[in-house]
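Following: one structure in structure tokens, then a few remarks.
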Amino acid sequence: MTTSQEELLPGTRRALLHRIAVAQAEGRSPSLVAAVVRDGRAVWHGARTSVDGHAPDENVQYRIGSITKTFTAVLVLRLRDEGALDLGDPLEKHLPGTGAGEATIAQLLAHTGGLAAETPGPWWERTPGALRPGLTDVLGDRPVLHPAGRRFHYSNPGYGLLGALVEELRGAPWDEVLRREVLEPLSLDRTSARPEPPHAGGWAVHPWADVMLPEPVEDFGRMAAAGQLWSTSGDLARFAAFLAHGDDRVLSAESLREMRTPAAPADPADFADGGAYGLGLRIENQGGRVLAGHSGSVPGFLASLTLSVADDVAAVVLADCTSGPLVTQVAADLVRIVAEAEPRIPEPWRPLPEADASVLELTGQWYWGTSPYALRITADGLLFLGPLSGGGRRSRFRPNDDGTWTGLDGYFTDELLRAVRRPDGTVDHLDLGSFVLTRQPYDEGADVPGGVDPEGWRGIG
């Protein structure tokens, strides 16, 4: 990924700088760095600092806290894609004896495994990981607070377990697996489990006075997979581009779409904002814009990475203080500034290179009962079914080898669409998860469930 400050308009660059300057000043952060990604590459980097002449650049490390969880989720999805596990597997199948093994791997990824939010004992982020040498020390005597799968409850120990799962199946330490399978292929050379100079120091800023205290830097040990990593705005910009587009050396675009798909609602207080959690990623709706990403917070540091796939814009914000700037909102604002000031220019329309006649004949208007729908072939070779007007169920479908189609999103996710043909080969109707779509409303010539009144359509008299 190359970096070019000139690709954004001057007014956009000033708006971005103003936003992070306000965040650093009002949030009283010793320093704050940010980056913006558009069309898969970094197009802007900004920094503000309390020390004249020492503004950090995109190569200075900050601790990124729970953004680490997204990296861990990528490792787990890689294992799934290789066939080493299934997301529906209970943890006990691969990592027995934890006391939390009834939770499935998917539930741990989505924070619905019922586990406690934190480890027992002293604050794990400010104490040495050596105090928690085993998984029993991470989980304690009461690891499970809720029945698995019943509710969203953010769990740091859950990701400690996922890190242990990666180690068990790979036969190597979590950070070594991460370096080999993710960091090196994506050229994230400034991301590491331990700080490497140049790096920022973490600070606690007094809530009622402009004075500071240094925060301790601890190795989290068994909890590393939940929040250990250090990274830079430059590396996280590259990682954001990967999360949006995929890289087959690491994880496919389809698996990343799965990570960005809500798997669990957030706390009820977040419902009004459309908040949800996928597999290692938080998803929210801000003003009609769907954002996916993760935030991070450990003593001395705040971090946020967020992206809008529809706009193909992402932002990273890092600060070196325990509390202060609302980095998650700042990152969302940076995405909004670029998306609104310089809207994405669509690719030119081009005809398909070829059209399958058996698929082309399926397109056009269909009726589910009396509701009119349209079936279209999209530019990427998928089918899209949606209402002709107004609200209603809509989904995209990918082709299968047997001539059927599988739903990718919306109400018909993973449902099967097939064309039911008459003996002469013509299409009688479409079957979609037991729903019948016909060319005419309640077409008497088609196999409509319950049949059609033989007297046909008529008036009230």
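Figures for the structure shown
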| item | result |
| --- | --- |
| Answer residue from segment 239-263, given it is among the charged types (D, E, K, R), free of Cβ contacts under 8 Å to residues at least 60 places away in the same chain and part of a loop (DSSP other than H, G, I, E, B) and is farthest from residue 291 (Cα to Cα) among those | 248 |
| Residue that is farthest from residue 134 (Cα to Cα) [pool: residues in segment 215-238 that are of a type in the set (D, E, K, R) and not in a helix (DSSP H, G or I)] | 215 |
| Condition met for residue 452 (more than 23 Å from residue 358 (Cα to Cα), of a type in the set (Val, Ile, Thr) and in contact with an Asp or Glu (Cβ under 8 Å, 6 or more places away or on another chain)) | yes |
| Positions within segment 9-41 being among the small types (Gly, Ala, Ser) and either farther than 16 Å from residue 304 by Cβ or part of a loop (DSSP other than H, G, I, E, B) (or both), in sequence order | 11, 15, 21, 25, 29, 40 |
| Number of the condition not met by residue 323 [criteria: (1) buried (at least 20 other Cβ atoms within 10 Å of the Cβ); (2) in contact with a Gly (Cβ under 9 Å, 6 or more places away or on another chain)] | (1) |
| Any chance residue 274 is at positive phi and modelled with pLDDT under 95 | yes |
| From the options 128, 120, residue that is closer than 29 Å to residue 188 by Cβ and surrounded by fewer than 18 Cβ atoms within 10 Å (Cβ to Cβ) | 128 |
| Filter result (more than 16 Å from residue 74 (Cα to Cα) and in contact (Cβ under 8 Å) with a residue 60 or more places away in the chain) within segment 172-191 | 190 |
| Members of segment 444-461 that are at pLDDT 85 or above and either of a type in the set (A, V, I, L, M) or within 18 Å of residue 417 (Cβ to Cβ) (or both) | 446, 447, 448, 449, 452 |
| Among the residues listed as 52, 39, the single one being assigned by TED's automatic domain parsing to the domain that holds residue 202, without any contact (Cβ under 8 Å) to a residue 12 or more places away in the chain, surrounded by fewer than 18 Cβ atoms within 10 Å (Cβ to Cβ) and charged (D, E, K, R) | 52 |
| Long-range neighbours under 6 Å by Cβ, at least six apart or interchain, first residue hydroxyl-bearing (Ser, Thr, Tyr) within segment 408-430, second assigned to a strand (DSSP E or B) | 413/407 |
| Filter result for residue 402 (touching a strand residue (DSSP E or B) at 6+ places or on another chain (Cβ under 9 Å), loosely packed, with under 14 Cβ neighbours inside 10 Å, assigned to a loop (DSSP other than H, G, I, E, B) and assigned by TED's automatic domain parsing to the domain that holds residue 370) | yes |
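The values are calculated or read from the model by the stated rules, or taken from the named source; none is laboratory data. What you see is a predicted model, and the numbers here were worked out from it, not measured in a lab. In this analysis, Cβ positions are derived from the backbone assuming ideal geometry, glycine residues included, and neighbour counts consider all displayed protein chains.
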